[in-house]
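Where a number appears in this text, it was derived from the coordinates with a stated rule and is not lab data. Since the structure is predicted, the reported quantities are computational estimates derived from the model, not experimental observations. Using ideal geometry, Cβ is built from the backbone for each residue, glycine included, and neighbour counts are taken over all protein chains shown.
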Amino acid sequence: MEYELITEQDYDALPEEPALKFVALEAICRRNMNQFISEQTPATFDRMIEMQYMSVVSAAAEELGIGGLSYPSHLDEPYTAFNDFLLEAAAAVTRIRLRNSSSKAGSVRLSQRSRAKIELQLRRLEQLIEEAEMSEGRRKALLQRIDQFRHELDQTRLSFGKAMALLAAVSLGITSGTSFLADAPEAIATITSLIGADKEAEDQEAKRLGATPVPKALPAPDAQRANEGDRSNYELTDDDIPF
């Protein structure tokens, strides 16, 4: 029988951002590990599950660029380093959560499709401003605001406060009544709509992933194992090896 700490379905549902992907993966593996291990399971089985946890989490950390988590393959008995590894994993998760907690509520990670559409609207605004009848000082100031917005757009997460302030400055600056700027409000509205749609989708996904994963239920021990009682005398069969 196989004991998977994380399933293919779990992998498919992980967040896209590498650091948050690691946090979600580690949480799923740790919860399932704790579910599999109990006072009734033999010590040899517990060690196999713990080593599987270290193997999966360390591989994920290496792939996703999370430092400080290496599988203790240099030890003759890797399971002896499990407690230290678990503490290091908890520390890594804490650091990631602290980095994301302060800004996430007021920001959004835009999809590549939305970024491309917003860039088209920014170019549209730039063209309108270049063709409009206005002073060079005003034109330069508006184009500078668009460049500042584009800089914010290049960040991993777009800050609502900075983005909206810059769009508001552009919106006020183009209020002139000239025919050249007639399409500017529509471009700005399209940008804000794209940002809002991605934030709504992100919030819905966060709620979906926030539920505690339902671990696989272990089969009840058969009568022979129940009668043996002594964990030290338990021998694993080929079907009991978790990976």
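The stretch between GLU62 and PHE160, if pulled fully straight at 0.36 nm per residue, gains 32.1 nm over its current Cα-Cα span.
What value in Å³ per residue do you get for the convex hull of the alpha-carbon atoms in segment 1-158? Before the final figure, lay out each step's value.
Values: hull volume 22.2 nm³, N = 158.
Hull volume over Cα atoms, normalised by residue count, gives 140 Å³.
A simple rule links phi to the HN-Hα coupling: the Karplus curve 6.51 cos²θ - 1.76 cosθ + 1.60 with θ = phi - 60°, which for segment 114-125 gives 5, 4, 5, 5, 5, 4, 4, 5, 5, 5, 5, 5 Hz, with x for Gly and Pro. Near SER107, the amide H atoms lying under 5 Å from its own belong to PHE160; only residues 5 or more places off or on other chains count, and H is placed 1.01 Å from N. The alpha carbons of segment 1-44 give a radius of gyration and a Dmax of 12.6, 38 Å, in that order. Dipole size of segment 87-152 about its Cα centre, with +1 on Lys/Arg Cβ and -1 on Asp/Glu Cβ: approximately 420 debye, rounded to the nearest 20. The fraction of all Cα pairs in segment 70-131 landing in successive 10 Å bins from 0 to the largest distance is 17, 20, 20, 17, 13, 8, 4, 0, given as whole percents.
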